[in-house]
C-alpha cells in the first residue's frame with residue numbers, strides 16, 4: 001500500500017450522482033464498498049463530506065453569510081449519516097463525528113477519540129465542517145487531515161484530474177498529473193480554496209484529485225496508480 005492513513009474528501013455532488021440533488025443510494029453504496037475495500041487492506045480511513053447536494057453556504061439574497069454557512073453544515077451532517085448507514089449495511093464499522101453538537105444523531109468531535117476510532121479500525125466521518133462559518137469543507141479536510149496525521153487527502157470529484165480550465169467548456173484545457181501548492185496559487189486553479197491549500201502546504205500534506213466514478217478508483221490510488229493529479 002502506498003498510504004497507511006488517508007483522509008477522503010467527498011463532495012456532496014459526488015454522492016448525488018446524476019440526480020444532482022439529495023443522496024443517490026446506489027452511488028453512496030458503491031462509494032461505501034470502495035471505502036470498505038481499502039479499509040480491509042489495512043488503511044486507516046477518515047472522511048470529510050461536503051453538502052452542496054443539499055445546500056451551499058456561500059449565497060446571496062436575504063440569508064446572511066454566517067446563517068447560510070450554518071445551514072450548509074447541517075447539509076454535511078445529512079450526507080455523513082447517509083454514508084455511515086451505507087458502510088454499516090455492508091459490515092464496515094463507521095462513526096460520525098460532528099463539529100456542531102447534535103447528540104441524538106452523532107458524536108461531538110474530539111481529536112483524541114477520533115484517533116482512537118481509527119486505531120480500532122473504524123472509518124471516521126466528519127460532518128458539520130469546522131463548526132464555524134466562513135470556512136469551506138476543503139479547509140475542514142485540510143484541518144482534519146493535519147489533526148489525524150493523514151499522509152494524503154484523496155479528493156474524490158466528478159472530474160478525473162485537475163485541468164487548466166473546465167474540459168467540458170474548453171477542449172484545449174491541459175490535464176495535469178503533478179502540481180505544487182504554489183502552482184495552484186500562481187495558475188489560479190480551482191482545486192481547493194487558498195486557506196485549505198496553505199494549511200496543506202504548511203503541514204506537508206499531499207493532495208490527490210481523482211474521479212469518484214473511476215471503477216475501483218480508491219484502491220488504485222492507494223496502490224500508487226496514476227489516475228489523477230498529485231499536488232504536493
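Just a few scattered comments:
- Hey, residue 86 without any contact (Cβ under 8 Å) to a residue 24 or more places away in the chain and over 19 Å from residue 143 (Cα atoms) or not: no
- Output for the range 153-183, where each listed residue is surrounded by 19 or more Cβ atoms within 10 Å (Cβ to Cβ) and under 20 Å from residue 32 (Cβ atoms): 153, 154, 155, 156, 157
- Yes/no for residue 147 being surrounded by fewer than 22 Cβ atoms within 10 Å (Cβ to Cβ), under 21 Å from residue 222 (Cα atoms) and without any contact (Cβ under 8 Å) to a residue 40 or more places away in the chain: yes
- When the range 201-229 is filtered for residues that are touching a residue at least 12 places away in the same chain (Cβ under 8 Å), in a helix (DSSP H, G or I) and either closer than 24 Å to residue 35 by Cα or under 14 Å from the mean Cα position of the chain (by Cα) (or both), the ones remaining, listed by number, are 217, 218, 219, 221, 222.
- The requirement of being over 26 Å from residue 30 (Cα atoms), in contact with a strand residue (DSSP E or B) (Cβ under 8 Å, 6 or more places away or on another chain) and at pLDDT below 90 is satisfied by residue 189.
- Residue under evaluation residue 101, criteria (1) without any contact (Cβ under 8 Å) to a residue 24 or more places away in the chain; (2) in a helix (DSSP H, G or I); (3) touching a strand residue (DSSP E or B) at 6+ places or on another chain (Cβ under 6 Å), criterion not met: (2)
- Any hit, the range 192-200, residues being assigned to a loop (DSSP other than H, G, I, E, B) and either more than 23 Å from residue 2 (Cβ to Cβ) or touching a helix residue (DSSP H, G or I) at 6+ places or on another chain (Cβ under 8 Å) (or both): yes
- Total residues in the range 121-135, condition part of a loop (DSSP other than H, G, I, E, B), more than 14 Å from residue 67 (Cα to Cα) and in contact (Cβ under 8 Å) with a residue 40 or more places away in the chain: 1
- In the range 29-51, the residues that are closer than 12 Å to residue 216 by Cβ form Cβ pairs under 8 Å with partners that are modelled with pLDDT of 95 or more and surrounded by fewer than 20 Cβ atoms within 10 Å (Cβ to Cβ), at six or more places apart or across chains, as follows: 33/90.
- Test for residue 218: is it buried (at least 22 other Cβ atoms within 10 Å of the Cβ), modelled with pLDDT under 90, touching a strand residue (DSSP E or B) at 6+ places or on another chain (Cβ under 9 Å) and more than 16 Å from residue 140 (Cα to Cα): yes
The values are calculated or read from the model by the stated rules, or taken from the named source; none is laboratory data. Since the model is a prediction, treat every value here as computed from it, not as a measurement. We place every Cβ from the backbone using ideal geometry, glycine too, and count neighbours over all the protein chains shown.
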